[in-house]
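The values are calculated or read from the model by the stated rules, or taken from the named source; none is laboratory data. Just so it is clear, the model here is predicted, and its values are computed rather than measured. When we count neighbours, we look across all protein chains shown, and the Cβ atoms used for this are built from the backbone with ideal geometry, even at glycine. Note: accessible area is taken over every heavy atom of the protein model, side chains too, but ligands, DNA and RNA are not part of it. Shrake-Rupley method; radii C 1.70, N 1.55, O 1.52, S 1.80 Å.
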Amino acid sequence: QVQLVESGGDLVHPGGSLRLSCAASGIGNIFSIMGWYRQAPGKQRELVAHMHSAGNTNYTDSVKGRFTISRDNAKNTVYLQMNSLKSEDTAVYYCYALHWITGQKYWGQGTQVTVSS
């Protein structure tokens, strides 16, 4: 069974930084894609960034140049470095992972990021 455990969400001032982490449990699991979605109150969940195991990345336009996704394949862990945070980045951030063999998508429980003065 795969579990994704997130950490790093917090309250931060505009212009500040946060680093989210997400570790996938389970021995022997390999994930082709790991990434982050977010959902703000009253809005649909949107893709923030994802990263293939080979290193290819994809970002939504609103975070390009401010957020950086990275992953440690050996640890099945994905990170999201968020800089120059804005109030519109406030949301619950969800980690996800796509299993290489089964194609099943797994989700974390979500971590709250609040950007406010």
Trypsin sites (Lys or Arg not before Pro) within segment 37-99, DSSP loop, no more than 16 other Cβ atoms inside 10 Å: Lys43, Arg45, Lys64, Arg66, Lys86
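Hey, if we sort Thr57, Thr90, Thr102, Thr77 by accessible area with the 1.4 Å probe, largest down, what's the order?
Working: Thr57 70, Thr90 35, Thr102 90, Thr77 15 Å².
Largest accessible area first, the residues go Thr102, Thr57, Thr90, Thr77.
Mind checking the per residue accessible area of segment 1-52 for me, 1.4 Å probe, whole number of Å²? Mind showing how you got there, number by number?
Values: 2850 Å² over 52 residues.
Value for segment 1-52: 55 Å² per residue.
Under the Kirkwood approximation applied to all pairs of distinct alpha-carbon atoms, what is the hydrodynamic radius of segment 68-117 in Å?
On the way: mean 1/r = 0.0786 Å⁻¹.
About 12.7 Å, per the Kirkwood formula over Cα pairs.
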Whole-number D in µm² s⁻¹ for segment 41-98, Kirkwood Cα-pair radius fed into Stokes-Einstein, 25 °C, 0.890 mPa s: 197 µm²/s
Relative contact order for the chain, counting Cα pairs under 8 Å that sit 6 or more residues apart, in percent: 37 percent
Karplus 3J(HN,Hα) series, Hz, for segment 94-110 with 6.51 cos²θ - 1.76 cosθ + 1.60 (x for Gly, Pro): 10, 7, 9, 9, 9, 5, 4, 8, 7, x, 6, 9, 10, 10, x, 7, x
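Normalised radius of gyration for the chain, please: alpha carbon Rg relative to 2.2 N^0.38 Å, two decimal places.
Details: Rg = 13.6 Å, N = 117, 2.2 N^0.38 = 13.4 Å.
Scaled against compact globular proteins, the figure is 1.01.
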11 Å cut-off, amide nitrogen to a point 7 angstrom out along Ser116 Cα→Cβ, residues in segment 1-44: 11-12
